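Notes for the one structure printed next.
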Amino acid sequence: MTAAAPPAAAGDSGAHFDYLLQLADTSLVLGQRLGEVVGHAPALEEELGLANIALDLIGQARLLLAYAGEHEGRGRDEDQLAMLRTPDEFRNLVLAEQPNGDFACTVVRQVLVDAWQLELYDALQGSRDAHLRAIAAKSRKETAYHFQYSSHWLVRLGDGTAESHARARRALEQLWPYTREMFDEQAADRELAERGIAPSAASLEAGWTTRIEGVLREATLALPPQVPYRWHGRRGIHSEHLGYLLAEMQVLQRTYPGAQW
Amino acid sequence: MAATPDWPLYEIFIRARGGLDHKHVGSVHATDAAMALEHARDVYTRRQEGISIWVVRSTDIVASDPGDAAALFEPARDKIYRHPTFYDIPPEVKTL
């Protein structure tokens, strides 16, 4: 399968490797966040539901990181990429690393990321990178269920009681500013779009907005106003939360390097 | 984890493969039928147990009273002629 991928060398500024990390890290970090819910979810059924999503996301991250390591060609495998990089080497959306907060926060964060991943995985079906295309096709099916789960919950919360509506609105207003980063077009994005490897970041915005508007309408929630500030997790500039998340995720490999079980 | 939420109980039935019947596998709590389907998917099909799910509100199931078991089921006990065991099965019939 990897034979079909465009060669890493000629004309690659490292953007391709970096892009694989962006996709992998958003899934990995969000999966780690959802894993924190285990033992704390409001109901046994929700706990299993969120844990299932977490495992799907970590599975996506594994495939992407393994491929990224192969693409890089420096002998780093998925475990080394996941467990031995520092926060500024992570390329996830800053949205993915935001704390779980209350259940409304967890649900809103999930809806916003799920809708983005749906658009992304759809667009990647047209990638010239066959390996990436295959990972996206597998992930697309999982993400369709994630979005169904999270959007149904947002509708229930938004169109629920006065308390649940207020919490959903608060979570939406709190997390909304982090969504701009998804569509922020960098030089590397343009390079990959020109080479036919990835969709341009900005091209995902229309589809994402349509999906989110649909869910918010049903949830009787208003679209929050845009804010000018842009986060840059995809360039390694993160909020203070990522360091703590990685400290917990990586502690075993950091304490006992090379440990296996 | 909080105590079980104040949500109604749904009974879950899963069809393991095409051609088989839906079988009762357990129950989940959910606020409505759509959520019950999602919960059933997450709780009972994690290991590819099924291809179709039915959910039914537990309160919608009408059950026989175990106290009536004697009247309901015991009269059948001595009616062995209702079992098709007195027929000679032709050798051509492989399964019956």
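A few notes on this one:
- Scanning the stretch A:236-261 for residues that are of a type in the set (Val, Ile, Thr) and closer than 12 Å to residue A:90 by Cβ turns up just one, A:237.
- Within the stretch B:18-34, the set of residues being within 17 Å of residue A:47 (Cα to Cα) and away from chain A (no Cβ under 14 Å) is empty.
- Pick from the stretch B:37-67, criterion charged (D, E, K, R) and in contact (Cβ under 8 Å) with a residue 12 or more places away in the chain, ranking: nearest to the other protein chains (Cβ to nearest Cβ): B:41
- Number of positions in the stretch B:20-46 that are surrounded by fewer than 21 Cβ atoms within 10 Å (Cβ to Cβ), more than 15 Å from the chain's Cα centre (by Cα) and part of a loop (DSSP other than H, G, I, E, B): 4
- The stretch A:122-143, residues that are free of Cβ contacts under 8 Å to residues at least 60 places away in the same chain and surrounded by fewer than 23 Cβ atoms within 10 Å (Cβ to Cβ): A:125, A:133, A:137, A:140, A:141
- Test for residue B:53: is it closer than 30 Å to residue A:152 by Cα, in contact with a helix residue (DSSP H, G or I) (Cβ under 6 Å, 6 or more places away or on another chain) and among the β-branched types (Val, Ile, Thr): yes
- Test: residue in the stretch A:1-9 that is modelled with pLDDT of 90 or more, aliphatic (A, V, I, L, M) and either within 23 Å of the chain's Cα centre (by Cα) or in a loop (DSSP other than H, G, I, E, B) (or both): no
- Among the candidates A:41, A:104, A:68, residue that is of a type in the set (A, V, I, L, M) and in a loop (DSSP other than H, G, I, E, B): A:41
- Picking from residues in the stretch A:143-163 that are over 23 Å from the mean Cα position of the chain (by Cα) and within 11 Å of chain B (Cβ to nearest Cβ), the one that is farthest from residue A:118 (Cα to Cα) is A:160.
- All positions within the stretch A:213-247 that are closer than 17 Å to residue A:30 by Cβ, in contact (Cβ under 8 Å) with a residue 40 or more places away in the chain and either among the basic types (Lys, Arg) or in a helix (DSSP H, G or I) (or both): A:233, A:234, A:241, A:242, A:243, A:245, A:246
The values are calculated or read from the model by the stated rules, or taken from the named source; none is laboratory data. Quick caveat, the model's predicted, so the values are computed rather than measured. Cβ sites come from the backbone with ideal geometry, for glycine too, and all protein chains shown count toward neighbours.
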